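Asker: This is the structure I have questions about; it appears just below.
The values are calculated or read from the model by the stated rules, or taken from the named source; none is laboratory data. This structure is a prediction, so every number in the text was calculated from the model and none was measured. No Cβ is skipped: glycine too gets one built from the backbone with ideal geometry, and neighbour counts run over all protein chains shown.
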Amino acid sequence: MKKLLFLLAGVCFVIGVSAQNGEKKKPASPPASVSKTVKSGVTISVNYSQPSVKGRTIGKDVEPKDGTVWRAGANKTTLFEISKDVTVDGKPLAAGKYGLHVLTNNGSWTFIFSKKWDQWGTEYNEADDALRVTVKSKKPAKFAEALTYTINDNGRVALLWGDHEAGFTVK
């Protein structure tokens, strides 16, 4: 009888462990991407991980904090890619891949396009900057629980997170 109970307990343990290993946990900041060929003919792509607000206060409990460069997403560096030479808010940027970072300061957001794009998101060195554009942030029409990038037909790229929205135009 003891052997049967021991055997039954062992079988239950094995089933429980294999069922647990078969379940995949949803990442806290799942991968996301947006890509669009805009009116100017350039294809713009943004690949990032989507952190959620989760009841926290943006700029206090989580980024963006004034004066701190952050990764504009989560996990790996947010990847910004353009298919041909463009201007970003009137400033030239060559075709290629860039790491996208953000620096905030009193309602101004500086989008930083770094030549280093294939790295962990918190790695940043100003010497690798290809371009910086500074814009004003605003309150979006709707609260964005998950950090989200959008691209419209005119090349407007916007980052929405919580009650913040900031963006730039690619032509």
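Asker: Quick check on this structure: which one of 52, 40 is within 28 Å of residue 89 (Cβ to Cβ), modelled with pLDDT of 50 or more, among the hydroxyl-bearing types (Ser, Thr, Tyr) and surrounded by 10 or more Cβ atoms within 10 Å (Cβ to Cβ)?
Answerer: 40
Asker: Just name the residue that is nearest to the chain's Cα centre (by Cα) out of those in the stretch 55-74 that are closer than 18 Å to residue 145 by Cβ, surrounded by 13 or more Cβ atoms within 10 Å (Cβ to Cβ) and not hydrophobic (A, V, I, L, M, F, W, C).
Answerer: In this case the residue turns out to be 73.
Asker: Let me ask something else about it. Could you tell me how many of the residues in the stretch 32-82 are of a type in the set (Gly, Ala, Ser), over 16 Å from residue 130 (Cβ atoms) and assigned to a loop (DSSP other than H, G, I, E, B)?
Answerer: Final tally of qualifying residues: 7.
Asker: Please tell me if residue 145 is within 18 Å of residue 62 (Cα to Cα) and either charged (D, E, K, R) or in a loop (DSSP other than H, G, I, E, B) (or both).
Answerer: Criteria met by residue 145.
Asker: Could you check residue 130 against (1) more than 17 Å from the chain's Cα centre (by Cα); (2) under 16 Å from residue 165 (Cα atoms); (3) assigned to a strand (DSSP E or B) and say which number it fails?
Answerer: (2) is the only condition that residue 130 fails.
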